[in-house]
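Enquirer: Once you've had a glance at the structure underneath, I'll fire off some questions.
The values are calculated or read from the model by the stated rules, or taken from the named source; none is laboratory data. Computed from a predicted structure; not experimentally measured. No Cβ is skipped: glycine too gets one built from the backbone with ideal geometry, and neighbour counts run over all protein chains shown. Please note that ligands, DNA and RNA were not included when accessible areas were found on the heavy atoms of the full protein model with its side chains. Shrake-Rupley method; radii C 1.70, N 1.55, O 1.52, S 1.80 Å.
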Amino acid sequence: MSEVDTDLLVIGAGACGFAGAIAAHDQGISVAIVEKLARPGGNSALSTGSVPGAGSRFQRDAGIEDSPEQLVADLLATAGHHDADGLTRRMAEQSAPLVEWLIDDLGARMELVTAYKHVGHSVPRLHAPRSRRGQDLVDDLLGFVSDRGIPLAVGNPVDRLIVEDGAVKGAIVAGEPIRAAKVLVATNGFAGNREMVARWCPEIAPAEYFGALGSTGEAAAWGEELGAALGNMGAYQGYAAVAYPQGSLLSWTTIEKGGILVSANGKRFGNEDAGYSGFAPNVMGQGEMAYAVYDRRIHEIAALEEEYAELAEMGGVRWADTPEGLADHMAVDGAALAQTVAAYNAAARGAAVDAFGRAKFELAPLAAPYAIVRVKPGLFHTQGGLMVDDDARVLRPDGSVVENLFAGGGAAAGISGRSGAGGYASGNGLLTALALGRLAGLRAAQDLRG
Ligand SMILES: Cc1cc2nc3c(=O)[nH]c(=O)nc-3n(C[C@H](O)[C@H](O)[C@H](O)COP(=O)(O)OP(=O)(O)OC[C@H]3O[C@@H](n4cnc5c(N)ncnc54)[C@H](O)[C@@H]3O)c2cc1C
């Protein structure tokens, strides 16, 4: 009998865990995945599945010029410098090979999104499932895992890591030891753990958590016990517009294409150019609900996205011929809203300076018929975690490596700034999950096979 039960033990069956498992398996080492919940997928399944690939062949085919350098510049412009600056470059360099691996080598049903660029990106570079549902990406990855015969045990939480003389030797899974030569912690962040959110990201602690239940912060807790370095612990992705009571995302396309957000008093309260994550703390200051207001032309573009189309079908979008008329559907001050729309439209026409400094108006000025959706802000996931090197190996504060331990995705320190919601660029979550997972799998195999 071998000394280990598996070469690589992957903890967590989300994008990071799947990418690590597939990459390692394809390099010839044995892999097993354990997942604490009854269903795999984690936050990855809830996401829109958008992954940046800077300089991908799909961009070249579409005539879009891009490069890792441009992605680094975009990420730095959004997030500023932070604890994991080196990782930003590494992720940018890995992004195009990553999407090509997913689509060309593995066969994921993804495409380059050209209809929108989304927050933090100067060119269209997000690659996403055609449905824009992360569940499709997860289903594809699950299929690749199953085709390879990689064992996946759901309903098996890891309680703690097995550590001997400072080196990781496996984990205690549902009370039983599993010994492994290498361990990949792919357990996501701590957004589902109220105490940890209050400790590290207090400004968003009152917001509802809209992610998967499994993100309860084990990676950071294990890291602290081990004496590993943690980084960017105050950074998180918020979402400024979760439709209420439907609980689905109001596509940010509605705002990006010219819509606005107002509070119950009918007034805007900030510059929506901050993006869906960066604007979330502004929405939180507005009492329980806020309202997105846009028009039919914008609705028609957003309706190309399945989740938005479903929200509209569920009656989440209400219509009126005048801004005042929107008050018949929602508890907003109609007269004040009419003034707000008039002032915003004047800025969009270039006849006045926008009161909040908004610079991007796209299809605005808004025109009849007008749409309104009731929204509240949400916390999606945290972006702080274990500091890792270029191969996803977990580091100590002195820069040395914790032997045999890898981390990626929400378990690792991310590339979205040191704190707050403003540093998150679209796709940062899945990029660090998939790319670090893949790098961990490759490095684990390289270490073991020599
Ligand atoms: C609504 C929403 C939309 C989003 N849209 C995007 C997007 O379009 N693009 C993007 O890049 N990011 C997006 N994100 C963020 C993105 O989903 C995450 O950053 C990413 O999925 C993290 O992947 P992961 O593999 O690290 O974690 P997950 O996918 O959450 O997987 C972690 C898994 O580990 C399991 N686990 C946890 N603890 C244990 C334990 N102790 N033992 C065993 N298993 C454990 C969990 O149950 C879970 O299944 C979105 C997030 C949300 C909530």
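Enquirer: Just the residues that are within 17 Å of Ser146 (Cβ to Cβ) and either within 11 Å of the ligand (Cβ to nearest atom) or surrounded by 23 or more Cβ atoms within 10 Å (Cβ to Cβ) (or both), please, taken from the stretch 24-37.
Expert: Scanning the stretch 24-37 gives Ala24, Val31, Ile33, Val34, Glu35.
Enquirer: From Ser419, Ser426, grab the single residue that is modelled with pLDDT under 95 and polar (S, T, N, Q).
Expert: Ser426
Enquirer: Something else about it: Only one of Ala411, Ala421, Ala392, Ala407 is surrounded by 24 or more Cβ atoms within 10 Å (Cβ to Cβ) and either charged (D, E, K, R) or on the phi > 0 side of the Ramachandran plot (or both). Can you tell me which?
Expert: Going through Ala411, Ala421, Ala392, Ala407 in turn, the sole match is Ala392.
Enquirer: Could you identify the single residue in Ala343, Ala444 that is buried (at least 24 other Cβ atoms within 10 Å of the Cβ) and among the aliphatic types (A, V, I, L, M)? Full working, then the answer.
Expert: Details: Ala343 fails: buried (at least 24 other Cβ atoms within 10 Å of the Cβ).
On inspection, the qualifying residue turns out to be Ala444.
Enquirer: Let me ask something else. Can you tell me how many residues within the stretch 236-273 are aliphatic (A, V, I, L, M) and farther than 22 Å from Thr322 by Cα?
Expert: Total satisfying the criteria: 4.
Enquirer: Would you list the helices (runs of 4 or more DSSP H) that sit entirely within the stretch 233-336 and hold 3 or more residues that are more than 30 Å from Ala198 (Cα to Cα)?
Expert: Working: elements: 253-256, 275-278, 280-284, 296-302, 306-313.
In the stretch 233-336, the matching helices (runs of 4 or more DSSP H) lie at 253-256, 296-302, 306-313.
Enquirer: Go through (1) in contact (Cβ under 8 Å) with a residue 40 or more places away in the chain; (2) closer than 23 Å to Gly238 by Cβ; (3) open to solvent by 30 Å² or more (accessible area, probe 1.4 Å) and name the single condition Ser277 misses.
Expert: Failing condition for Ser277: (3).
Enquirer: Output the number of the condition that Arg179 fails; it satisfies all remaining conditions of (1) touching a residue at least 60 places away in the same chain (Cβ under 8 Å); (2) away from the ligand (no atom under 14 Å from the Cβ); (3) within 27 Å of Asp273 (Cα to Cα).
Expert: (3)
Yes/no matrix, rows are residues, columns are (1) farther than 27 Å from Gly231 by Cα; (2) touching a Ser or Thr at 6+ places or on another chain (Cβ under 9 Å); (3) not β-branched (Val, Ile, Thr):
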| site | (1), (2), (3) |
| --- | --- |
| His82 | no, yes, yes |
| Arg109 | yes, yes, yes |
| Leu112 | yes, yes, yes |
| Pro124 | yes, yes, yes |
| Val158 | no, yes, no |
| Val163 | no, no, no |
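Enquirer: While we're on this one: Among the small types (Gly, Ala, Ser) and within 15 Å of Val262 (Cα to Cα): does that describe Ala338?
Expert: yes
Enquirer: Being buried (at least 20 other Cβ atoms within 10 Å of the Cβ), aliphatic (A, V, I, L, M) and part of a strand (DSSP E or B) is the filter here, so list the residues in the stretch 169-216 that pass it.
Expert: Within the stretch 169-216, Ala171, Val173, Ile178, Ala180, Ala181, Val183, Leu184, Val185 meet the criteria.
Enquirer: OK, next. Mind counting the residues in the stretch 44-76 that are farther than 19 Å from Tyr116 by Cβ, open to solvent by 30 Å² or more (accessible area, probe 1.4 Å) and within 16 Å of the ligand (Cβ to nearest atom)?
Expert: Of the residues in that region, 1 qualify.
Enquirer: Filter the stretch 112-122 down to the residues that are in a loop (DSSP other than H, G, I, E, B) and either within 11 Å of the ligand (Cβ to nearest atom) or crowded, with 16+ Cβ neighbours inside 10 Å (or both) and list them by number.
Expert: Val113, Tyr116, Lys117, His118, Val119, Gly120, His121
Enquirer: Which of the strands (runs of 3 or more DSSP E) found entirely inside the stretch 357-450 contain at least 2 residues meeting this: under 29 Å from Ile301 (Cβ atoms) and within 14 Å of the ligand (Cβ to nearest atom)?
Expert: Correct list: 370-382.
Enquirer: Filtering the stretch 137-155 down to residues that are within 12 Å of the ligand (Cβ to nearest atom) and under 22 Å from Arg57 (Cα atoms), which residue is surrounded by the fewest Cβ atoms within 10 Å (Cβ to Cβ)?
Expert: Leu141
Enquirer: Conditions first: (1) in contact with an Asp or Glu (Cβ under 8 Å, 6 or more places away or on another chain); (2) over 30 Å from Lys182 (Cα atoms); (3) buried (at least 24 other Cβ atoms within 10 Å of the Cβ); (4) in the same structural domain as Ala444 (by TED's automatic domain parsing). Leu337 passes all but one, so which condition is the exception?
Expert: Looking at each condition in turn, Leu337 falls short on (4).
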